[in-house]
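The values are calculated or read from the model by the stated rules, or taken from the named source; none is laboratory data. Since the structure is predicted, the reported quantities are computational estimates derived from the model, not experimental observations. Don't worry about glycine lacking a Cβ; one is built from the backbone with ideal geometry, like all the others, and counts go over all protein chains shown. All accessible areas refer to the heavy atoms of the entire protein, side chains included, with ligands and DNA or RNA removed. Shrake-Rupley method; radii C 1.70, N 1.55, O 1.52, S 1.80 Å.
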Protein chains: 4
Amino acid sequence: MPTNRIEAFSDGVIAVIITIMVLELKVPRDTTLTSLLSILPQFLAYLLSFVVVAIMWVNHHHLLHAARRADARLLWTNNNLLFWMSMVPFVTAYMGNNYRDARAVALYGAVLFCCGMAFSFLRAAIASHHRDNAEMVDYHRRTQSKNIFSIALYAASVPLAFWNVWISFCIFGFVALSYFLPERKLAEPGSHN
Amino acid sequence: MPTNRIEAFSDGVIAVIITIMVLELKVPRDTTLTSLLSILPQFLAYLLSFVVVAIMWVNHHHLLHAARRADARLLWTNNNLLFWMSMVPFVTAYMGNNYRDARAVALYGAVLFCCGMAFSFLRAAIASHHRDNAEMVDYHRRTQSKNIFSIALYAASVPLAFWNVWISFCIFGFVALSYFLPERKLAEPGSHN
Amino acid sequence: MPTNRIEAFSDGVIAVIITIMVLELKVPRDTTLTSLLSILPQFLAYLLSFVVVAIMWVNHHHLLHAARRADARLLWTNNNLLFWMSMVPFVTAYMGNNYRDARAVALYGAVLFCCGMAFSFLRAAIASHHRDNAEMVDYHRRTQSKNIFSIALYAASVPLAFWNVWISFCIFGFVALSYFLPERKLAEPGSHN
Amino acid sequence: MPTNRIEAFSDGVIAVIITIMVLELKVPRDTTLTSLLSILPQFLAYLLSFVVVAIMWVNHHHLLHAARRADARLLWTNNNLLFWMSMVPFVTAYMGNNYRDARAVALYGAVLFCCGMAFSFLRAAIASHHRDNAEMVDYHRRTQSKNIFSIALYAASVPLAFWNVWISFCIFGFVALSYFLPERKLAEPGSHN
């Protein structure tokens, strides 16, 4: 069981990432409805990032389940992914505070793009573990195409934010939704083994 | 052992949630007894939330023990629960700073209500794993009724806070106590297997 | 293996406790030697608390190793211990900022006293798991007497801080040292099984 | 499996260390490119520390894999290492804020030097577990020499920072790079067992 500690470490890092984001929800000084509503953008940014990071965790869960050994390539593609995921709390707070600003939204999209790329590197590292397994190769090709799809959309969200930030928000929501639904299918008994 | 990593991730998230709440206990500038006593409401809010989150962890421990497989429904009802639990540090700080304010207390009750609902969704997801097991169905029915009881009380605490916040505090304390005592019985050897 | 998740959750909470203490080491604005030296008390308070919490973790490690089952008493004596340990970052920051103040030092001693009491409750809960095992009863009696010794010293540190805070500091250091050395013996192969 | 909990605890602490560093990346108030670029030094310091801590985690992973039992020496050389690693977020923030200041850079180098020393103590503790295994003795001698090499460079980085901070930065980068590459070889199947 050589990949156990990678899972444990990744779980720890992702658990901290997903939880410290809530620290950026600054408690309002007074209790007027206005001041409570003023943190609604931060709350929605937190909600979006929670879903995005939770999806990443679920995908990570499925991916590492398929890893055969903890070699250097797996360790470092995984650390690379964790690095980009660790930037999510920062860009979430930045976008939550400036949700109408193209730069803040574009930066959020850019970090999710980097996470997507990091996922595809990790996926390739794990795929190399069973090149001789036709079923796994096929499974990886299918999930890889979904990965490329979301990378392309995140890449598009960066320039589009400068046109209209709401297009980027729609992209973030759409990618989250598209990942959520198929994951249901992937988790069906028998579909990934 | 497919549910192991869900437990590990949930443990990580809950451990961070329960611990970062203490960061909201701001260290007083000076050391007069007055300034130390001024953070007593925050301390009591922390104590309440610690107990509430600890109860949730214990219930989560019992629930996931009964899960058979990590399917998509289990993963996402669990992530939904973790999301609402992650709001507890925020509403704890908010209520600790404004413990006489109906809005702050109602918001605390509302988040606990959402946690209770999330628990019942998770419970239903796990119950679906052994529909063919009469003993487990009976066990789930009993714990579900306790769950509904606390959801109803938390729901009541939201409007009642606008009448008198102390009624809501009594509800929070009573639900915590009521969960604590029966849990003793549930954990008895033989009662949940 | 029913106590596994208690260990995992406790490890998570203690890991967060021991690490967030370093967040209280505020980075000085400028880089003069004076401003760097001004955080020396906070650094020493952090060092002391790191050692104290690390000792608690080691003892917890040994204690839970002897637990037979995760019953309600074990769960809640453990949660009680984690609650008091979670107060350590707060009192460390408070004492680090006010190391000459009797109240701050007494509060630190009081929290360590509560941790010591919580340990003895946890120890009693675990001892009740093997009342029929003469060797374990003897082992628990010996470690219990060490526990009572440190509880008594921590209790003394509270009033003594109002006489002279340095006496309390000596007590904190002495208890840490006294735990550290015997633990060496306890960990010898064959001495606890 | 007596070293399991040490790994779990260390993973928890390192996961928190590596993630809370990102909290020091303060979100800029406004969204001008200037204010975003003003945190570039902090970002680069975070990137460096992330890589350094990730390398430490990988080495720790390999080292503890070779540990035979959780004796007191292993526990406390490990806790010593975690203490020095827990100082990394502090010196990262300090250096990120004052990257042109010799004192800040020297302090960063000094903490990495202490981490390197702590690693060599942990390595010696684990080496003592299999003094009778010629292959392991040889393995430890080789990795120990790499360890001494980096300790010497970190030691040099402290005085050299007062001459020119960029020399120290080059040392930090070079040590990271030198560890990264050979680790590849160490992780090859068959090379460490």
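What the table shows:
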quantity	calculated
Shortest-first distances to equivalent copies, position A:Gly173, nm, label 7 Å out along Cβ	4.4, 4.4, 6.2
Within 10 Å of each Cβ in C:58-68, the average number of Cβ atoms from other chains	2
Student exercise, chain D dipole from Lys, Arg, Asp, Glu Cβ charges, in Debye to nearest 20	200
Probe 1.4 Å, all protein chains present, accessible-area order of A:Phe121, B:Phe169, largest first	A:Phe121, B:Phe169
Within the protein assembly as shown, helix-based [θ] at 222 nm, where runs of 4 or more DSSP H residues each add -39,500 (n - 2.57), nearest 500	-26500 deg cm²/dmol
Size of electric dipole in the range A:95-151: Cβ of Lys, Arg +1 and of Asp, Glu -1, about Cα centre, debye, nearest 20	160
Of A:Pro28, A:Pro41, A:Pro159, the one that fluctuates the most in a GNM where chain A has Cα springs shorter than 10 Å	A:Pro28
Over the range C:1-97, relative contact order from alpha-carbon pairs under 8 Å, at least 6 apart, %	51
Pairs of alpha carbons in the range B:50-129 whose separation is greater than 18 Å (percent)	43
Sulfur and carbon atoms: percent of accessible area, chain B [1.4 Å]	66
Chains A and D, summed buried accessible surface - 1.4 Å probe, Å², nearest 100	2900
Whole-number accessible area per residue in Å² for chain C, which is evaluated in the context of all protein chains at 1.4 Å	41
Shape of the range B:6-144, Cα gyration tensor, a/c cut at 1.5	prolate
Size of charge dipole - the range A:1-110 - debye, nearest 20, with Cβ of Lys, Arg +1 and Asp, Glu -1, no other charges	180
Average Cα contact separation per residue, chain C, under 8 Å, 6 or more apart, as relative contact order %	23
Residue of D:Ser120, D:Ser35, D:Ser49 that the Gaussian network model of chain D assigns the largest fluctuation, springs spanning Cα pairs under 10 Å	D:Ser35
Position A:Arg69, label points 7 Å along Cα→Cβ, spacing to each other copy in nm (shortest first, one decimal)	3.0, 3.1, 4.3
Mean projection area, nm², convex hull over Cα of the protein assembly as shown	33.1
Pair A:Leu177, A:Arg68: separation of 7 Å Cα→Cβ label points (nm)	4.0
